[in-house]
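Novice: Please read through the structure below; I'll follow up with questions.
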Amino acid sequence: MKKLIIANWKMNPETIEEARTLFSGAKRTAKQLHRVRAVICPPFVFLDDVSRKITSVKCTLGAQDAFWEHNGAYTGEISPRQLAELGVRYVILGHSERRLLGETNEEVNKKVRACLAENLIVVLCIGESERDKQGEYLDFLRNELIQSLARVKKKELEKLIVAYEPIWAISSHNKGADTPENVLDTTLFIRKVLTNVYDKKRGAMVPIIYGGSVNEDNAESFLQEARVDGFLVGSASLDAQHFSALLKISERAKT
Ligand code: PGA
């Protein structure tokens, strides 16, 4: 399976020129690679411009959110259909920074189902805000996953990616990345939940990626030791050189 390296630009950069430069850098590197798929998720306002430059399946386009209705009186929202129309293939849903603004599992679930219905590939983010020794964070993760996937059918898992992002490990929290050992344990747990809810075959199929302070120094150990299927990358995706280095490391990783 190709490694999925998903760039979450968040609310960056500030200008379209910077967005173009950043995007061209990622695309140039991705074009030379065979075992990596890069997905760039710029802010909505840059999607149209960047979508005109995408010609390669090795470097595709994603959005950072979507609403659950296809059209109508929903001021400020963007629908899955509108995204698909632009050539967007992936959508990040349930990112902790959106959940922090009040998004609930029920809302994430409505978005997940609407995007899947539009044939978009959903990158569903889950992650605990704290890790306790008693392991209660695992119950939290199980609930987040199960509630976000309510009424999603087995067949639709083909279009699902789970991004495990412990909130405290995201670079804006300054606590540093999780360890490959913990990520391995937690991603095995996530796979077990998927297997229990669906079945072994489908549960095994869903790519599980890691996010939280991923950079060129720690990427290899996450790929080798935690055996993740890729990364959701925030701050390191905002520097063309760092992001290209990450793509090349993922290409070389022996997993
Ligand atoms: P980070 O962000 O790589 O800057 O930690 C990851 C994310 O929030 O998706």
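Novice: If the viscosity is 0.692 mPa s and the temperature 37 °C, what translational diffusion coefficient in µm²/s does Stokes-Einstein give for the range 112-255 when Rh comes from Kirkwood over Cα pairs?
Specialist: In µm²/s, the coefficient rounds to 209.
Novice: Work out, step by step, the length gained on full extension between residue 217 and residue 185: first 0.36 nm times the residue separation, then minus their alpha carbon distance; give nm to one decimal.
Specialist: Fully extending the segment from residue 217 to residue 185 adds 9.4 nm.
Novice: A further question on this structure: Take the Cα atoms of the range 169-212, build their convex hull, and give its volume per residue in Å³.
Specialist: Cα-based convex hull of the range 169-212, divided per residue, equals 68 Å³.
Novice: Under the rule a/c < 1.5 gives rounded, and otherwise a/b versus b/c splits prolate from oblate, where does the range 1-139 land using the Cα gyration tensor? Write down the numbers at each step before the final one.
Specialist: Values: a/c = 1.76, a/b = 1.27, b/c = 1.38.
Oblate, because a/c is 1.5 or more while a/b does not exceed b/c.
Novice: Could I ask something else about it? Percent of alpha carbon pairs in the chain separated by more than 35 Å?
Specialist: 8
Novice: Binning at 5 Å from 0, report for the range 63-157 what percent of all alpha-carbon pair distances ends up in each bin.
Specialist: 2, 14, 24, 23, 17, 10, 5, 3, 1, 0
Novice: In addition: Please identify the longest segment of the chain free of exposed GluC sites (Glu not before Pro), where exposed means a DSSP state other than H, G, I, E or B and no more than 11 other Cβ atoms within 10 Å.
Specialist: Value returned for the longest uninterrupted segment is 131-255.
Novice: How much of the accessible area of the chain, probe 1.4 Å, is carbon plus sulfur, in whole percent?
Specialist: Roughly 50 percent, rounded to a whole number.
Novice: Another question, then. Measuring with a 1.4 Å probe in the full set of protein chains, what accessible area per residue, in whole Å², belongs to the range 33-189?
Specialist: Using a 1.4 Å probe on heavy atoms only, each residue of the range 33-189 averages 48 Å².
The values are calculated or read from the model by the stated rules, or taken from the named source; none is laboratory data. Note that the coordinates shown come from a computational prediction; the quantities given were computed from them, not determined experimentally. When we count neighbours, we look across all protein chains shown, and the Cβ atoms used for this are built from the backbone with ideal geometry, even at glycine. For the accessible areas, the whole protein counts, side chains as well, though only heavy atoms, and no ligand, DNA or RNA atoms are used. Shrake-Rupley method; radii C 1.70, N 1.55, O 1.52, S 1.80 Å.
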